[in-house]
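Contents: one structure, followed by commentary.
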Amino acid sequence: MNLLEKLDAAAAARKAMLPNGVGAFGVPIEEVYSATEARIGDRRVILLGTNNYLGLTFAPECIRAAHDAIDKEGTGTTGSRMANGSYSGHRALEREFADFYQCSSAIVFTTGYQANLGTISGLVGPGDTVLIDGDSHASIYDGCILSGADIIRFKHNDPSDMEKRLRRLGSRIETTLIIAEGIYSMLGDQAPLTEIVRIKNQYGCILLLDEAHSLGVLGETGQGLVEKTGLLKEVDFITGTFSKSLCSIGGFCVSDHPQLDQLRYVSHPYIFTASPSPATIASTRAALELLRKGSHLRKQLWDNCTQLYAQLQETGYELGPDPGPVIAAILDTPQQALLMWNSLLEHNIYVNLILPPAAPEGKSLVRCSVNAAHTPEQIKYVGDTFAKLYPVVTS
Amino acid sequence: MSENYNEIMQLLCDRLSSMTNTGVQVTAETNLISQLSIDSIKLLSLIMEIEDTFDVSIPINALADVQTVRQLADLVHKIKYTSE
Ligand SMILES: Cc1ncc(COP(=O)(O)O)c(C=O)c1O
């Protein structure tokens, strides 16, 4: 089989799994009306499959800041952070992140994906070990692969399994990096951080926590799981993204270890790519300010999450273990999940469809992402529609 | 080969036969992917089980070179008896 034939074979396997399901991926959104509504085809739909957790995509402060930055600094930096791409805005955003997490240093990356790639490959290398959760995001896996370190997985959210695998490493523990996530993107469950921290302290290794989905969502000021659990000072490195609650694109790493700065000189995903555009940085700075003082947004978000989670649970859906902004209905087969996804779209609701092997344990998911801007009426309509479809989809 | 190695090989063959149910007689030369149709997800859960059985940690990057049962046994043996 030549290279193109291999792609043909993969495409055929994908089509065989779901003959009519191809349209579910990368569905074109024609017009965006607000943080919660858009047009798909000729339907005006409720957006229930975005990562816009605080509903800030149209925040006037962010839009204004982005406009101003384009006017003053142009559309792009056209260069790397290491060359001509570090503007005062990039450095200011780094100081603001360090201040937000009460730590000494922060690095801004061009995407959250690159923040994980750059941080992990900067921290570990060949001969070192990474101990990662079995349900880790692809950016964590790819960062580990890029690093050349030995990759060992522990059972998802199972600290005793993690400890067992750590213990087996013997003298290699000293050069082991543990990686977990604040909220896992597939089922919306949270890492058992207290236990993980206890074990990492007992064995003396380094812990990296990806707060991609928990930034802005957990904790009084929105720092994430570190704030909710009071463990900010126990986590060595925190990564995250601007592409979810901050409504732009980019990523960061913060730490109290002064060695973080060295990553700028060794990390290819930081060096060999252009820096975020001025507009991106400006809107992110404005959004971070809104996020920090956004307890009212978090309250609205959590009211919406708990209401929808409770209603879906009452209806009988199998859900992820923790209520939160990511609410995944777990279905037995890809066909059921596709039927559900299509039926929701017919009822003008857009959610995410997740099929094996992307979903954990070979399951299929219809994943809802709730945000602070959803109205109680929208949440109720979604809950009622799920209830109406339950007998159709599960029969 | 040592007794330890034979024990590893025997255990892998037994475990793979019961896990895959393809009716294929599992031997040292059996190819995990083409003959037993073990996909990447099944392979990862199999690896976790093998790790527990032999009390070792097998890095998933080391699996890139593993195609046959013998190669898997070599890897487990190497990790268990050279790192201690
Ligand atoms: C856990 C996790 N980490 C990192 C990322 C990457 O973020 P970005 O979209 O900024 O590349 C994502 C986003 O999909 C994610 O879910």
1/(1 + (r/R0)^6) with r = Cβ-Cβ of A:SER34 and A:LYS72, R0 = 30 Å, i.e. FRET efficiency to nearest 0.05, evaluates to 0.60
The extension gain from A:PHE272 to A:ALA12, computed as 0.36 nm times the residue separation minus the Cα-Cα distance, is 90.1 nm
Expressed as a whole number, the average count of other chain Cβ atoms within 10 Å around the Cβ atoms of B:54-60 is 6
Contact-by-burial set, segment A:160-184, min loss 30 Å², accessible area of protein heavy atoms with 1.4 Å probe, reference chain alone, gives A:ARG165, A:ARG168
Counting sequence-distant residues (5 or more places) and residues on other chains, those with an amide H built under 5 Å from that of A:GLY216 are A:GLN223, A:GLY224
If amide H atoms are modeled at 1.01 Å from N in the peptide plane, then the residues at a separation of 5 or more from A:SER364, or on another chain, having amide H under 5 Å from its own are A:LEU331
Bounding extents of chain A in its principal axis frame from Cα atoms, largest first in Å, are 56, 55, 51
When A and B pair up, the total accessible heavy-atom area removed from solvent (1.4 Å probe), in Å² to nearest 100, is 1200
Rounded to a whole number, the mean other protein chain Cβ count within 10 angstrom for residues of B:30-42 is 1
Yeah, segment A:295-359 with a ≥ b ≥ c from its alpha-carbon gyration tensor (a/c under 1.5 is rounded, else prolate when a/b outruns b/c, oblate otherwise) is prolate
Diffusion coefficient in µm²/s returned for segment A:149-193 by Stokes-Einstein, Kirkwood Rh over C-alpha pairs, 20 °C and 1.002 mPa s, is 185
Stokes-Einstein D for segment B:3-82 (25 °C, 0.890 mPa s, Kirkwood Rh from Cα pairs), in µm²/s, comes to 196
With a 1.4 angstrom probe the carbon and sulfur portion of accessible area for segment A:223-349, in percent, totals 53
From highest to lowest solvent-accessible area (probe 1.4 Å; ligands, DNA and RNA excluded), A:THR239, B:THR27 read B:THR27, A:THR239
Simple spin-label estimate for A:ASP99/A:ARG44, 7 Å along Cα→Cβ, in nm, reads 4.1
Partner lysines whose C-alpha sits under 17 Å from that of A:LYS233, ignoring same-chain residues fewer than 8 away, are A:LYS200
For peptide A:140-147, the mean count of other chain Cβ atoms within 10 Å per residue Cβ is 1
CD proxy, 222 nm, chain A: helix-only mean residue ellipticity via -39,500 (n - 2.57) per DSSP H run with n ≥ 4, per residue, nearest 500, stands at -13000 deg cm²/dmol
Check: C-alpha center segment A:311-362 vs C-alpha center segment B:19-70, spacing in Å is 31
Which of A:LYS15/A:LYS164; A:LYS363/B:LYS80; A:LYS164/A:LYS228; A:LYS155/A:LYS228 exceed 30 Å between C-alpha atoms? The answer is A:LYS15/A:LYS164; A:LYS363/B:LYS80
So A:LEU3 and A:ARG64, fully extended at 0.36 nm per residue minus their Cα-Cα distance, gain in nm 17.2 nm
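The values are calculated or read from the model by the stated rules, or taken from the named source; none is laboratory data. This is a predicted model, so every value here is computed, not measured. Ideal geometry is used to build each Cβ from the backbone, glycine not excepted, and the neighbour counts take in all protein chains shown. When the accessible area is computed, the model is the full protein with side chains, heavy atoms only, and any ligands, DNA or RNA have been set aside. Shrake-Rupley method; radii C 1.70, N 1.55, O 1.52, S 1.80 Å.
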